[in-house]
Amino acid sequence: MGDSDDGIKSERTVFVTVGTTCFDALVKAVDTQEFKKELSARGYTHLLIQMGRGSYCPKKSTGEDGSLVVDYFTFSSSIADNLRSASLVISHAGSGSIFETLRLRKPLIVVVNEDLMDNHQSELAEELAERKHLFCAHPQTLFQTVASMNLESLLPYHPGDAAPVAKLINRFLGFPDD
Amino acid sequence: MEKGSGCCFSAMTSNATILVLVTIITVISTRVLYIMYQSGKPLHNTAPQSVSTLIVLGSGGHTAEMLNLLSMLQKDRFTPRFYIAAATDNMSLQKAHSMEKSLVDMTGDEALESAQFMQIYRSREVGQSYVTSVGTTIIAIAHALWIMIKIRPQVILCNGPGTCLPLCVIAFLFKVVGIRWSSTFYVESIARVRRLSLSGLLLYKLRMADQFFVQWPQLQKKYPRAHYVGCLM
């Protein structure tokens with residue numbers, strides 16, 4: 001059965017990351033009671049928010065009353081460990097965050113920041129969502145996305161390869177093929 | 001009668017001036033067009049030993065993508081390496097430096113320590129007024145010119161940040177003037193699925209890159225002279 005001897009539930013962490021940007025709309029969206037209740041209902045125990053340059057600070061919670069444990073920080077030199085120990089990742093649409101998460105085979109929801117001018121980032125998120133490698137949402141639609149998501153429907157992303165480019169560059173310069 | 005011959009003479013000199021100007025413009029235009037259509041043709045019949053390489057880094061995913069590409073290139077062929085990033089970009093040069101250092105540590109080859117790292121002024125910061133941008137762009141171009149004269153790389157690798165534009169334009173002008181023929185390779189960022197970036201669009205339309213790579217098939221359809229190479233990440 002589920003419970004171990006000392007009654008500790010296994011941790012399932014939702015990690016939210018905005019990279020080096022300011023994305024208050026996302027932090028606010030995950031900090032609502034409604035959203036946190038939905039995460040708890042889905043079996044998540046912890047919510048960790050990397051808020052970057054944002055000015056909105058979420059409320060911390062120790063989860064003593066059985067609710068979600070909430071914590072946050074601004075930056076870290078590497079979020080690799082946070083990604084590795086997460087059960088679900090909610091990220092801004094930066095390509096670095098996206099591919100780092102996909103390489104680790106973590107379920108990913110990408111939230112597009114509508115306040116950014118010339119939002120080319122949404123192209124990548126939409127394309128990968130079409131190919132079923134992740135879910136794509138806006139801060140206002142994040143709740144519906146989490147409420148209705150089926151993680152089983154996600155397809156693993158096979159990392160790309162720079163070898164074809166290297167080959168073409170080498171050939172152009174006259175270097176012999178390896 | 002003197003008035004008449006005076007008029008004839010000044011008409012002749014102004015005709016001559018016009019003729020000279022037209023000739024100069026024609027020669028320059030022909031040369032520029034020749035260079036534009038010559039780009040994309042491999043240079044050497046025999047392989048060089050190694051090529052000096054200028055690598056343009058950029059904030060956001062640009063540096064990560066560039067370092068990923070570099071990991072597939074043989075370091076003894078692309079050397080000496082010059083890394084360049086915008087003056088306000090702190091992380092990129094650090095990342096490149098770590099990568100180079102780990103190469104030296106891994107192989108113990110002291111020759112790999114030849115990599116150089118430099119910064120270039122940005123033409124325009126995010127949100128900067130367009131009026132002051134004129135001045136800063138001129139400074140950026142002058143700085144790029146200085147750097148290119150110092151390095152004169154044989155290969156330029158870039159993947160989209162605005163910092164690459166002054167450098168690529170100057171490399172192109174060098175070709176027009178016949179100073180140094182550098183091969184420019186442009187890999188459009190993986191984040192560009194349906195539209196090219198501004199840098200990419202300019203380099204593609206003006207044929208300033210020798211080889212132009214895109215990572216998504218949608219772009220290859222729109223820009224047929226680009227090489228589709230799939231996702232690098």
* Set of aspartates and glutamates near A:LYS36 by C-alpha distance (under 14 Å), chain-local residues within fewer than 8 positions excluded -> A:ASP65, A:ASP71
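What number in nm² do you get for the protein assembly as shown if you take the convex hull of its Cα atoms and divide its surface by four? Walk me through the numbers before you get to the answer.
Values: hull surface 114.2 nm².
Here the figure is 28.6 nm², rounded to one decimal.
Which value, in Å to one decimal place, does the Kirkwood hydrodynamic radius take for segment A:18-156 when every pair of different Cα atoms is included? Don't skip to the answer; put the middle values down first.
On the way: mean 1/r = 0.0657 Å⁻¹.
Kirkwood radius, segment A:18-156: 15.2 Å.
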* Asked: Cross-link partners among aspartates and glutamates for B:LYS175, C-alpha distance below 14 Å, same-chain residues fewer than 8 apart left out?
  -> B:ASP210
* Partner aspartates and glutamates for A:LYS106 [C-alpha distance under 19 Å; skip if fewer than 8 residues away on the same chain] -> A:GLU11, A:ASP81, A:GLU126, A:GLU127, A:GLU130, A:GLU152
* Roughly what % antiparallel, to the nearest 5, for the DSSP beta bridges in the protein assembly as shown? -> 0
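With +1 on the Cβ of every Lys and Arg and -1 on the Cβ of every Asp and Glu, and nothing else charged, how large is the dipole of chain A about its Cα centre, in debye rounded to the nearest 20?
Numbers: 17 positive and 24 negative charges, 22 e Å.
The dipole magnitude comes to about 100 debye.
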* What Kirkwood hydrodynamic radius do you get for segment B:69-166 when you take the inverse of the mean 1/r over all pairs of distinct Cα atoms, in Å? -> 14.9
* Which cysteines does chain B leave without a neighbouring Cys Cβ under 4.7 Å? -> B:CYS7, B:CYS8, B:CYS168, B:CYS231
* Asked: What is the ratio of the Cα radius of gyration of chain B to 2.2 N^0.38 Å, where N is its residue count, to two decimals?
  -> 1.25
* **Listed residues B:SER129, B:GLN74, B:LEU21: farthest to the positive end of the dipole of chain B (Cβ charges)** => B:LEU21
* Structure fact -> Rounded to the nearest 500, the 222 nm mean residue ellipticity computed for chain B from DSSP H runs (n ≥ 4, each -39500 (n - 2.57)) alone is -16500 deg cm²/dmol
* Considering only DSSP beta bridges whose two residues both sit in chain A, what percent are antiparallel, to the nearest 5? -> 5
* Once you treat every alpha carbon in segment A:83-178 as an equal point and sum by Debye, what is log10 I(q)/I(0) at q = 0.16 Å⁻¹? -> -0.70
* Cα-Cα over 32 Å: which of A:LYS59/B:LYS101; A:LYS167/B:LYS101; B:LYS75/B:LYS222; A:LYS132/B:LYS222; B:LYS95/B:LYS222? -> A:LYS59/B:LYS101; B:LYS75/B:LYS222; B:LYS95/B:LYS222
* Given charges at Cβ of Lys, Arg, Asp, Glu: segment B:1-152 dipole, positive-most of B:ALA140, B:VAL56, B:ALA87 -> B:ALA140
* To do: Can you give me the P(r) profile for segment A:81-124? Cα pairs, bins 10 angstrom wide beginning at 0, each as a whole percent.
  => 28, 52, 19, 1
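So if I place +1 on the C-beta of Lys and Arg and -1 on the C-beta of Asp and Glu, and nothing else carries charge, what would the dipole magnitude of the protein assembly as shown be about its Cα centre? I want it in debye, nearest 20. Intermediate results must be reported in sequence, preceding the final value.
Values: 39 positive and 36 negative charges, 357 e Å.
Computed about the Cα centre, the dipole is about 1720 debye.
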* Asked: Percent relative contact order of chain B, based on C-alpha pairs within less than 8 angstrom and at least six residues apart?
  -> 19
* **Rounded to 10°, Cα long-axis angle of helix A:121-130 versus longest principal axis of chain A** => 80
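So if I place +1 on the C-beta of Lys and Arg and -1 on the C-beta of Asp and Glu, and nothing else carries charge, what would the dipole magnitude of segment A:61-117 be about its Cα centre? I want it in debye, nearest 20.
On the way: 4 positive and 7 negative charges, 87 e Å.
So the dipole magnitude of segment A:61-117 works out to roughly 420 debye.
Let's test the formula: R0 of 51 Å, r as the Cβ-Cβ distance of B:VAL131 and A:GLU11. What FRET efficiency results, to the nearest 0.05?
Working: r = 54 Å, r/R0 = 1.06.
E(calc), rounded to 0.05, equals 0.40.
FYI, it's all coordinate maths here, none of it is from the lab. This one's a predicted model, so the numbers in the text were calculated from it and none came from an experiment. We place every Cβ from the backbone using ideal geometry, glycine too, and count neighbours over all the protein chains shown.
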